[in-house]
Amino acid sequence: MIIIKIGGSAFSNKTIPLSFNEAPIRRLALLIRSHGMVPVIVHGGGSFAHPVAKAYGLDRGIRDEGQLIGVALTSLTLTMLNGRITSIFSSVGLPTYTLRTGAVFMRSGREPRLSDDAVHLMRRLVSMSVIPMLYGDVIIDDELGFSILSGDDIMVELARALKPSKALFLMDVDGVYTKGPGRGELIRVFKPSMRVAYGNSGIDATGGLANKLTSAIKISSLGVETYLCSINDGESISRVLSGIKPMRCTKVEAD
């Protein structure tokens, strides 16, 4: 089994609210279909959810009732986004089934908990050749009322529960660079002891590249082969799906 995270930067410009680029999602769907695979897919919120979540301060939890409208609007924009991605996958003949993140995850203390029923459902869907799909969202939090669960954090919990052979994070650049996204040299193998620049562009309520690398390291430490690649590099994605070392991308290894 493989789990795939489609980062928000891979399909949207985070400086432009509600921007959506259909082409890379369509190419990815066609690539998955050509390999005859049934991955579990997680997508980010891009410029749909992040501006709303930031505007209502949801990255810091619920402090007043006015923020509850922000919870509703954030979930609404994510539902809209998920519908567009689902439609693209369906148009190329790939059936998907979305699990509403807030219905299968809760946060107790600082740790998110994935329900056992959701794990069973995802395994059943894959056995039926249906792609389970989740996305970063606002979830119930025992301490904060509501809090944001990022797509990267979802990937960690899926890796723990489903024990996939590979995890693939797709972005708008080829992987991790020495001087920030797309700048400097591409790091072919990233380890926790390395230092890199994390410069982000646009609004991100979930921690950007730093959180992505933290999640990737956790997944790698579970024995899962973990890569960060560009969604526009079809050849490298194809090689990862085929179990072949990609020509570009960054492989993340735990020390």
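Rounded to the nearest 10 Å², what accessible area does Lys179 show when all protein chains are kept and the probe is 1.4 Å?
Answer for Lys179: close to 140 Å² accessible.
Could you work out [θ]222 nm for the chain from helices alone, using -39500 (n - 2.57) per DSSP H run of at least four and dividing by all its residues? Round to the nearest 500 deg cm²/dmol.
Helix-only estimate at 222 nm: -12000 deg cm²/dmol.
With θ set to phi - 60°, apply the Karplus curve 6.51 cos²θ - 1.76 cosθ + 1.60 along segment 173-184 and write out the HN-Hα couplings as whole Hz, x wherever there is a Gly or Pro.
Taking θ as phi minus 60°, the curve returns 10, 6, x, 9, 10, 5, 10, x, x, x, 10, x Hz for segment 173-184.
With every protein chain left in place, what is the accessible area of Arg123 in Å² (1.4 Å probe, nearest 10)?
110 Å²
Assign one of three labels to the chain, namely rounded, prolate or oblate, based on the Cα gyration tensor with a ≥ b ≥ c the square roots of its eigenvalues; rounded applies when a/c is under 1.5, prolate when it is not and a/b is larger than b/c, and oblate otherwise.
In terms of gyration-tensor shape, rounded.
Hey, if we sort Lys166, Lys245 by accessible area with the 1.4 Å probe, largest down, what's the order?
Highest to lowest solvent-accessible surface, that is Lys245, Lys166.
So, counting K/R as plus one and D/E as minus one, what does the shell of residues with Cβ under 14 Å around Ala29 add up to?
+3
Got a sec? Charge dipole of the chain, +1 on Cβ for Lys and Arg, -1 for Asp and Glu; which of Phe169, Ile237, Val40 is way out at the positive end?
Ile237
Would you mind computing, in nm to one decimal, how far apart the modelled labels at Ser91 and Val189 are, each placed 7 Å from Cα along Cα→Cβ?
Here the modelled spin labels are 4.1 nm apart.
Evaluate the charge dipole of segment 1-154 about its Cα centre and quote only its size in Debye, nearest 20, assuming +1 on the Cβ of each Lys and Arg and -1 on the Cβ of each Asp and Glu.
In total the dipole reaches around 600 debye.
Of the accessible area of the chain, with the probe set at 1.4 angstrom, what percent is carbon plus sulfur?
52 percent
The values are calculated or read from the model by the stated rules, or taken from the named source; none is laboratory data. On a predicted model such as this, the values are computed, not experimentally measured, just so you know. Using ideal geometry, Cβ is built from the backbone for each residue, glycine included, and neighbour counts are taken over all protein chains shown. Ligands, DNA and RNA are stripped out before the accessible areas are found, and what is left, the full protein with its side chains, is counted by its heavy atoms. Shrake-Rupley method; radii C 1.70, N 1.55, O 1.52, S 1.80 Å.
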